[in-house]
Amino acid sequence: MDYIRNSSGPDNAGIIKRDQTALLNRRLIDTEFEADSAPEQEKVLGKNKLVNILNLRHFKNKSLLVHFLHSETGRCRTAEAVPQPCFGKYLVCLWCKPTDFPAESEKYRPTGFSFSNGIELIHAETQLRAASTKGICFILPEKAEIKSSRMSVRHECTSVHASLLQNGVIFEGTLKDFNASAFCVVLSLSSDSPPFHWLNKEGALTLILDSEKGTFYSGQCRVLKMMQRENQDLLVLEPTSHTIQRFAPREYRSRRITISPSPDLNFKHPLTGRLVNLKAADISGAGISAVETKRAPVMLAGLIIPELTINFANAFSIKCKAQVTYTRSFKDENNNNNGYIRCGLAFLDMDPNDHVRLMAMIHQAENKHSYIGNPVDPEVLWDFFFETGFIYPRKYAFILPYKEEIKRTYEKLYSCQSALTRHFTWQNNGTIVAHLAMLRFYEKTWMIHHLAARTEKHVGAGTEMVDRLGAFAYETHRLASSQMSYLICYYRPENRFPSHFFGTAAEQIDNRDACSVDRFAYHHMRLRNVNGKLPRDWTLSGAEHEDLCMLSDFYKKHSGGRMLDALDLAADKSLYSKSDLSDQYHEIGLWRERRVFALRRDNKAKAVIMANVSDFALNLSDLTNSISIFVIDPDTPYEILKQTVSAMEQYYAAAKVPVLVYPLSYAEKNGPAYERIYCLWAMDMEYTDEFFKIYSSLK
């Protein structure tokens, strides 16, 4: 390491000579320590701090720029070099590229070096000690100057691919660095790249940032600068907006709350790879906001964070996928800008059980009596169901033979967390005052059931349960893992509470594509002692696409609505696609199967039959363990339907099974006396605004 030439002396100070025979045997590493220098002043960096910063750059393998001045022309140029460990007297740097050493080195005089720490540009004027084609050695000055100060830090990026789309042309490159208001992109110089001059500086373009791990950002930008520097085409781009609309805007939105102590947001930044820690400002079940300083912001509207950890005082944490939806200046209560930025993030996905924990905490913060998914003593639950009359004598007579099996089922439902079930309770000192449950029984449909309340103990408890259900469903349905595109609820029309809130809301919304109510005839049918053999011209086999098309056409003409979509009977859905819903039930020790048949005469569908098979009384009216018949041809003989149902006895253990017949008009005209009418309320979750607007007026 003896390639640094001595250049001391007043006549040749700062001049690099190429006589290699005069090289001195000097070490690159400066081992001569020096005493602390004088205190520093503003805009000046003292030697001590300069040495520490230089060593930090060496530790991080970061370079600096060495400045040269031509002795005749006055032309300036720079060369990139990496600083070596420094101990206070000398600074040794190695050239990043041997070609960076000036060819006419006798005429170029080193004037100093500079580097940026992200915000400030630090420049030091130095005296040369020695130099060669491998490196250079400076005598450290007593101070360095802070030449400029940016509004915010530039964050260096690694391995981030950039695509720029403008008027049908795609420019490829890499993201060099970014700050809160701009990106710096280095364009690719490959032979098949579009010419640099094809890019219209005055026109907007779309920037997409990605890596092998996925796409992290896409947004509209304008060009601030176009530069060609050191054989590189550089673009400085400014986002045209600091807000994105991840989801369609809604009038009725999530309620955000402030938690003390505030949660911490931890994540590895997808563009820099560095760990980020921010403090939360408020939180809801649909998103969270955080605060960061204006000097070093890392959040960009539109940025996708694949794995965000929300840490609640190290007591517990939840992980999610999120996207930044806005960044804006944060002002205090006196409307003063305090140097902070508030950024909002929308949850894109989260483990269902983690989301329940989050929602349970939020609901508890709002109302100490409100619980979601908490363990419930089965004895207390059965007391509640019988005392409120939810299990009335006729229903009890039906479930009586299976009471031990039902007890075991409800032990599983209320003692473990599952992505398939949810229950809400309003409790006071351990006593259940109101209860409501949900069950994901179809691919993207959740069924609301078991709504009951002790109104004598708390007036309005039932309404509060529906409020909590509404908030939970709104804040859940946009999560990718929630599988909640529709809500359904079966209720009897004489039951005033659901008829008032669900039925009236559907009526006043007056849009069956958003919310609909369809009526079924309900009765129990014996599976045995009935001839299950159909006449020769009638057949029963698995439903096919054409059968569902006929059912869909009939439904549209008869009433239209969301029933078929919610029950996975729409013609555009495959009946034979692989579904893991039944497997998920099996994993938690429960049973759920579904079979769909078509009853045909002369190869033409007359009815579609859906056989749901589950644990007995998974729903206490056993609607999850029933047969639903959708009659397409009103002239279909009822005796044929009885034989069809009897043919399914192999799927059911009980001698009698609940049967729902649609449309109600068929049962009124052709069938036997039915026991009761059930209404099926179905809502598309994209129309929550319409429902909440009507629901609020009904309370």
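The values are calculated or read from the model by the stated rules, or taken from the named source; none is laboratory data. Just so you know, these numbers come straight off a predicted model, no measurement behind them. All Cβ positions, glycine included, derive from the backbone under ideal geometry; neighbour counts span all protein chains shown. Protein only, heavy atoms only, side chains kept; ligands, DNA and RNA dropped before computing areas. Shrake-Rupley method; radii C 1.70, N 1.55, O 1.52, S 1.80 Å.
Which members of segment 120-154 meet the condition of being in contact with a strand residue (DSSP E or B) (Cβ under 6 Å, 6 or more places away or on another chain) and either acidic (Asp, Glu) or within 30 Å of GLU172 (Cα to Cα) (or both)?
GLU120, LEU121, GLU125, GLU145, ARG154
How many residues are over 27 Å from LYS176 (Cα atoms), buried (at least 20 other Cβ atoms within 10 Å of the Cβ) and among the hydrophobic types (A, V, I, L, M, F, W, C) if we restrict to segment 264-285?
Of the residues in segment 264-285, 2 are over 27 Å from LYS176 (Cα atoms), buried (at least 20 other Cβ atoms within 10 Å of the Cβ) and among the hydrophobic types (A, V, I, L, M, F, W, C).
Would you be able to tell me the number of residues in segment 104-138 that are free of Cβ contacts under 8 Å to residues at least 40 places away in the same chain and among the small types (Gly, Ala, Ser)?
Counting residues in segment 104-138 that are free of Cβ contacts under 8 Å to residues at least 40 places away in the same chain and among the small types (Gly, Ala, Ser) gives 1.
Quick one: in segment 119-138, of everything that is open to solvent by 60 Å² or more (accessible area, probe 1.4 Å) and assigned to a strand (DSSP E or B), which residue is nearest to VAL186 (Cα to Cα)?
The residue in question is LEU121.
Quickly run through segment 106-118 and pick out the residues that are assigned to a loop (DSSP other than H, G, I, E, B) and open to solvent by less than 20 Å² (accessible area, probe 1.4 Å).
GLY118
Any residue in segment 190-205 that is touching a Gly at 6+ places or on another chain (Cβ under 9 Å) and in contact (Cβ under 8 Å) with a residue 40 or more places away in the chain?
Within segment 190-205, none of the residues are touching a Gly at 6+ places or on another chain (Cβ under 9 Å) and in contact (Cβ under 8 Å) with a residue 40 or more places away in the chain.
From the list ALA605, ALA655, pick out the single residue that is farther than 24 Å from ASP518 by Cβ and touching a strand residue (DSSP E or B) at 6+ places or on another chain (Cβ under 7 Å).
Matching residue, one of ALA605, ALA655: ALA655.
Conditions tested, residue by residue: (1) open to solvent by 40 Å² or more (accessible area, probe 1.4 Å); (2) modelled with pLDDT of 90 or more; (3) within 20 Å of GLU156 (Cβ to Cβ); (4) assigned to a loop (DSSP other than H, G, I, E, B).
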{"site": "LEU28", "(1), (2), (3), (4)": "no, no, no, yes"}
{"site": "ALA35", "(1), (2), (3), (4)": "yes, no, no, yes"}
{"site": "GLU40", "(1), (2), (3), (4)": "yes, no, no, yes"}
{"site": "ASN48", "(1), (2), (3), (4)": "yes, yes, no, no"}
{"site": "ILE53", "(1), (2), (3), (4)": "yes, yes, yes, no"}
{"site": "HIS58", "(1), (2), (3), (4)": "yes, yes, yes, no"}
{"site": "THR78", "(1), (2), (3), (4)": "yes, no, yes, no"}
{"site": "ALA81", "(1), (2), (3), (4)": "no, yes, yes, no"}
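Among the residues of segment 139-171, which ones are without any contact (Cβ under 8 Å) to a residue 40 or more places away in the chain and surrounded by fewer than 16 Cβ atoms within 10 Å (Cβ to Cβ)?
Within segment 139-171, LYS147, SER148, SER149, ARG150, ASN167, GLY168, VAL169, ILE170 meet the criteria.
Would you be able to tell me the number of residues in segment 453-464 that are at pLDDT 90 or above and buried (at least 22 other Cβ atoms within 10 Å of the Cβ)?
Residues meeting the conditions: 1.
Would it be correct to say that ALA471 is aliphatic (A, V, I, L, M), under 21 Å from HIS363 (Cα atoms) and open to solvent by 10 Å² or more (accessible area, probe 1.4 Å)?
In short, yes.
Run down GLY561, GLY589 and say which single residue is open to solvent by 10 Å² or more (accessible area, probe 1.4 Å) and in contact with a strand residue (DSSP E or B) (Cβ under 6 Å, 6 or more places away or on another chain).
Numbers: GLY589 fails: in contact with a strand residue (DSSP E or B) (Cβ under 6 Å, 6 or more places away or on another chain).
The unique qualifying residue is GLY561.
Filter segment 239-263 for residues that are open to solvent by 40 Å² or more (accessible area, probe 1.4 Å) and touching a Lys or Arg at 6+ places or on another chain (Cβ under 9 Å); which is farthest from PHE312 (Cα to Cα)?
So, considering only residues that are open to solvent by 40 Å² or more (accessible area, probe 1.4 Å) and touching a Lys or Arg at 6+ places or on another chain (Cβ under 9 Å), the one farthest from PHE312 (Cα to Cα) is THR240.
Under 7 Å by Cβ, and 6 or more places apart or on different chains, what pairs join a residue from segment 351-364 that is under 15 Å from MET484 (Cβ atoms) with one that is assigned to a helix (DSSP H, G or I) and not small (Gly, Ala, Ser)?
HIS355/THR476; MET359/PHE472; MET359/GLU475
Here are LEU165, LEU189, LEU175: which of them is modelled with pLDDT of 85 or more, farther than 16 Å from THR272 by Cα and out of contact with any helix residue (DSSP H, G or I) (no Cβ under 6 Å at 6 or more places or on another chain)?
Details: LEU189 fails: modelled with pLDDT of 85 or more; LEU175 fails: farther than 16 Å from THR272 by Cα.
After ruling out the rest, the residue left standing is LEU165.
Contact list please: Cβ distance under 9 Å, first residue in segment 307-322 and touching a residue at least 60 places away in the same chain (Cβ under 8 Å) and hydrophobic (A, V, I, L, M, F, W, C), second residue assigned to a strand (DSSP E or B) and open to solvent by less than 60 Å² (accessible area, probe 1.4 Å), pairs at least six apart or on different chains.
Sorted first by the residue in segment 307-322, then by its partner, the list stays empty.
Please indicate, with yes or no, whether at least one residue in segment 89-98 is of a type in the set (Ser, Thr, Tyr) and in a strand (DSSP E or B).
Yes, there is a match, as at least one residue in segment 89-98 is of a type in the set (Ser, Thr, Tyr) and in a strand (DSSP E or B).
When segment 306-319 is examined, which residues are found to be farther than 11 Å from LEU265 by Cα and at pLDDT 90 or above?
Hit for segment 306-319 is PRO306, nothing else.
Report, by residue number, each residue of segment 328-360 that is open to solvent by 50 Å² or more (accessible area, probe 1.4 Å), modelled with pLDDT of 90 or more and not basic (Lys, Arg).
Matches in segment 328-360: ASP351 only.
In segment 365-376, what residues are more than 20 Å from GLY287 (Cβ to Cβ) and either in contact (Cβ under 8 Å) with a residue 40 or more places away in the chain or in contact with a strand residue (DSSP E or B) (Cβ under 8 Å, 6 or more places away or on another chain) (or both)? Walk me through it before giving the result.
Start the filter on segment 365-376 by keeping residues that are more than 20 Å from GLY287 (Cβ to Cβ), which leaves 367-371, 373-376.
Within segment 365-376, ASN367, HIS369, SER370, TYR371, GLY373, ASN374, PRO375, VAL376 meet the criteria.
Is it true that some residue in segment 491-504 is of a type in the set (Lys, Arg), open to solvent by 10 Å² or more (accessible area, probe 1.4 Å), under 19 Å from GLY389 (Cα atoms) and out of contact with any helix residue (DSSP H, G or I) (no Cβ under 7 Å at 6 or more places or on another chain)?
Checking segment 491-504: at least one residue is of a type in the set (Lys, Arg), open to solvent by 10 Å² or more (accessible area, probe 1.4 Å), under 19 Å from GLY389 (Cα atoms) and out of contact with any helix residue (DSSP H, G or I) (no Cβ under 7 Å at 6 or more places or on another chain).
Condition test on THR21, is it modelled with pLDDT under 50, of a type outside the set (Lys, Arg) and in a helix (DSSP H, G or I)?
Details: modelled with pLDDT under 50: yes; of a type outside the set (Lys, Arg): yes; in a helix (DSSP H, G or I): yes.
Yes.
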